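Below: the structure, in structure tokens.
The values are calculated or read from the model by the stated rules, or taken from the named source; none is laboratory data. Model, not experiment: these values are computed from the prediction. With ideal geometry, Cβ positions are generated from the backbone for all residues, glycine too; neighbour counts draw on all protein chains shown.
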Amino acid sequence: MKTKDHFVIVLKNEKISTYKKLAFVFAGINLVPFVIFSFFKSLMLVGLLGVFCFIVYFVLKRYLKKKYSGRVAAIDEYLFFLLASVWLMKSVVMALSLLIIGLLFKFALKELKFVFKKEGIYKDFFPKKKYEWSDLDFIILKAGILTMNFKDEGLIQGPVENESENDEQEFNSFVLEQLHQK
């Protein structure tokens, strides 16, 4: 997609379904202790809060999935933060572990977005980075695949998310012009 003097290219993150499955497994592993805690008088509050969080999560996820046609990735990452706050009542180590997993999950679900400007190429996901045009040997967008070949033998290649939004010829002309200027 071209916007004035820059292009935004989003690569497909083909590992998202795997990340979501792992998140579901981690969530299920956390549900077990909360159910067990609910049967002990001294741990009942923590157990019931944990089970309540799961019920709210699944009901909300189901509602949002129907309302927004299946695009509810954000709710998955918030479950980890919610569970971390419940675990904080019983175990700081578990709370910190879930907080770290939640943060990693949040970064893993980010769009793999590159912004191509005259000043350089900006990688707009973790870790953010700016590439200079002089660092690249060539860049091409062909058949919905973006290829960025660096002079130091590095390579970034991947399928583009919304292939129809990108005018390949216009993008390639822009990139070629920038590469020859530097």
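Identify all residues within the stretch 146-166 that are under 25 Å from the mean Cα position of the chain (by Cα) and either farther than 11 Å from LEU11 by Cβ or exposed (fewer than 14 other Cβ atoms within 10 Å of the Cβ) (or both); write none if there are none.
THR147, ASN149, PHE150, GLY154, LEU155, GLN157, PRO159, ASN162, GLU163, SER164, GLU165, ASN166
Of all residues being of a type in the set (Gly, Ala, Ser) and surrounded by fewer than 12 Cβ atoms within 10 Å (Cβ to Cβ) in the stretch 128-145, which is farthest from ASN172 (Cα to Cα)? Just the residue, please.
Checking each candidate, the answer is SER134.
In the stretch 143-168, which residues are under 20 Å from ASP5 (Cα atoms) and modelled with pLDDT under 90?
ASN162, GLU163, SER164, GLU165, ASN166, ASP167, GLU168
Scan LEU104, LEU98 and give me the residue that is among the aliphatic types (A, V, I, L, M), closer than 20 Å to CYS53 by Cβ and surrounded by 17 or more Cβ atoms within 10 Å (Cβ to Cβ).
LEU98
For the stretch 57-173, which fully contained strands (runs of 3 or more DSSP E) count at least 2 residues that are among the aromatic types (Phe, Trp, Tyr), touching a Pro at 6+ places or on another chain (Cβ under 7 Å) and free of Cβ contacts under 8 Å to residues at least 40 places away in the same chain?
Per the criteria, no element qualifies.
If you go through the stretch 134-142 one residue at a time, do you hit one that is out of contact with any His (no Cβ under 7 Å at 6 or more places or on another chain), at pLDDT 90 or above and within 30 Å of ALA23 (Cβ to Cβ)?
Scanning the stretch 134-142, I find no residue that is out of contact with any His (no Cβ under 7 Å at 6 or more places or on another chain), at pLDDT 90 or above and within 30 Å of ALA23 (Cβ to Cβ), so the answer is no.
Based on this model, can you work out whether VAL86 counts as out of contact with any Lys or Arg (no Cβ under 7 Å at 6 or more places or on another chain) and surrounded by fewer than 18 Cβ atoms within 10 Å (Cβ to Cβ)?
no
Taking the conditions exactly as written (within 27 Å of LEU45 (Cα to Cα), assigned by TED's automatic domain parsing to the domain that holds PHE34 and modelled with pLDDT under 90), does LYS90 satisfy them or not?
Yes: the conditions hold for LYS90.
Got at least one residue in the stretch 103-111 being touching a helix residue (DSSP H, G or I) at 6+ places or on another chain (Cβ under 8 Å), of a type in the set (Asp, Glu) and closer than 27 Å to GLU14 by Cβ?
Looking through the stretch 103-111, none of the residues is touching a helix residue (DSSP H, G or I) at 6+ places or on another chain (Cβ under 8 Å), of a type in the set (Asp, Glu) and closer than 27 Å to GLU14 by Cβ.
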